[in-house]
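This report refers to the structure that appears directly beneath it.
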């Protein structure tokens with residue numbers, strides 16, 4: 001059995017910095033989605049920006065608390 005699966009292990013300083021950087025980049029991506037949204041696709045753009053922005057906020061909060069973010073918990077994606 002692998003150690004640390006299924007629980008929130010304390011994160012090292014480097015892991016917290018990387019998680020915070022990904023969080024900030026997701027927040028900036030959400031802002032960019034809103035800035036370049038076209039009027040015909042406004043509702044879809046707002047939904048996409050909310051989803052990406054919430055993942056970014058979760059990453060920043062998780063980095064501050066030293067816990068695993070939602071993206072880390074769902075595992076490696078293909």
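None of the figures in this text is laboratory data; all of them are computed from the coordinates on show. Since the model is a prediction, treat every value here as computed from it, not as a measurement.
In whole percents, the pair-distance distribution calculated for region 13-69 from its alpha-carbon pairs, binned every 10 Å from zero, is 29, 41, 21, 8, 0. Counting 0.36 nm for each residue step from residue 37 to residue 65 and taking away their Cα separation leaves a gain of 6.8 nm.
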